[in-house]
Amino acid sequence: MASAFPILTFLAILAAALNAGLFFIFSVCIMAAFARLSPAEGAAAMNAVNVVIQNPWFFSAFFGAALLSLVLAVLGFTQGGAGGLMAATGGIVFLVAVIGVTIVFNVPLNDALAAAPAGSAEQAALWQRYLDVWTMWNHVRTIGSLAAVALFACALRQGVSLG
C-alpha cells in the first residue's frame, strides 16, 4: 500500500483543491451576488443551486475527497513519518472542516431554506440569517479545503515514504 500512498495523496490534492475552488467562489462572489437580490429571488436562486449541485461531478469531487482523506488519515497515522503524519492531518482537517461543517451547519441551513414558504416573511427573515451564517461556515470550508491541500502537498513533498 505504501507505493499507492503518493498517488492517493496526489488525487487528494486535486479533489480537495476542487472543493476549495467551489467554496471560494461562493464566499467571494456568489453569495454577494445573491445578497443583492430580493430575499425571495436570493432564496430561489440558492435553492436552485442546492438542487443542481447534487450531481455526479460534484459528488465525485466532494465524496471522493472525503474518502481519500479518510484513507490518508488512517494510512498516514499507521505508517508514520513526517509525510504520513502531514497526510493524516490533511485528511482529518478535510473531514472535520469540510465534511463535518457541511453536515452540521450548511446542509441544515439549506434544508430550512428549502422548507420556508416562497415569498413569505419567514423566508425573508431566514434569508438574512442564511446569508451571514451559511457564508461564515462556507468560509470555514474554504479555509479547511485549502489547509488540506497544503498539508497533502507538504506530505507529497516529503516523499510520503512509508516503506
**Fill in**
For the chain, the dipole about the Cα centre with charges only on Cβ (Lys and Arg +1, Asp and Glu -1), to the nearest 20 debye, works out at 320
**Message:** Once you keep just the Cα pairs under 8 angstrom separated by 6 or more residues, what percentage relative contact order results for the chain?
**Reply:** 42
**Message:** Relative to 2.2 N^0.38 Å, what does the C-alpha radius of gyration of region 115-160 come to as a ratio? Two decimals please.
**Reply:** 1.94
**Complete:** Share of Cα-Cα pairs in the chain beyond 18 Å, whole percent, is 59
**Item:** Normalised alpha carbon radius of gyration of region 1-88 [divisor 2.2 N^0.38 Å]
**Value:** 1.45
**Prompt:** Could you give the distance between the Cα centres of region 1-23 and region 86-163, to the whole Å?
**Reply:** 17
**Message:** Using only the alpha-carbon atoms, how far is helix 5-25 inclined from the longest principal axis of the chain? Give it as 0 to 90 degrees, nearest 10.
**Reply:** 20
**Asked** Regarding region 82-163, what whole-number volume in Å³ per residue does the convex hull of its Cα atoms give?
**Response** 72
**Computed helical MRE - 222 nm, the chain, DSSP H runs ≥ 4 contributing -39500 (n - 2.57), nearest 500** = -25500 deg cm²/dmol
**Prompt:** What's the carbon and sulfur percent of region 80-163's accessible surface, probe 1.4 angstrom, rounded to a whole number?
**Reply:** 70
**Asked** For the chain, with every protein chain kept in place, what is the accessible area per residue (1.4 Å probe, Å²)?
**Response** 49
**Request:** Name the residue, out of Thr78, Thr102, Thr142, whose mean-square fluctuation peaks in a Gaussian network model built on the chain with Cα pairs under 10 Å.
**Result:** Thr78
**Message:** Using a 7 Å offset from the Cα along the Cα-to-Cβ direction at both Ser38 and Phe63, what is the distance between the two label points in nm, to one decimal?
**Reply:** 3.8
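The values are calculated or read from the model by the stated rules, or taken from the named source; none is laboratory data. Fair warning: this is a prediction, and the values are worked out from it, not measured in the lab. As a convention, Cβ positions derive from the backbone with ideal geometry for all residues, glycine included, and neighbour counts pool all protein chains shown. Side chains included, ligands, DNA and RNA excluded: accessible areas come from the protein's heavy atoms. Shrake-Rupley method; radii C 1.70, N 1.55, O 1.52, S 1.80 Å.
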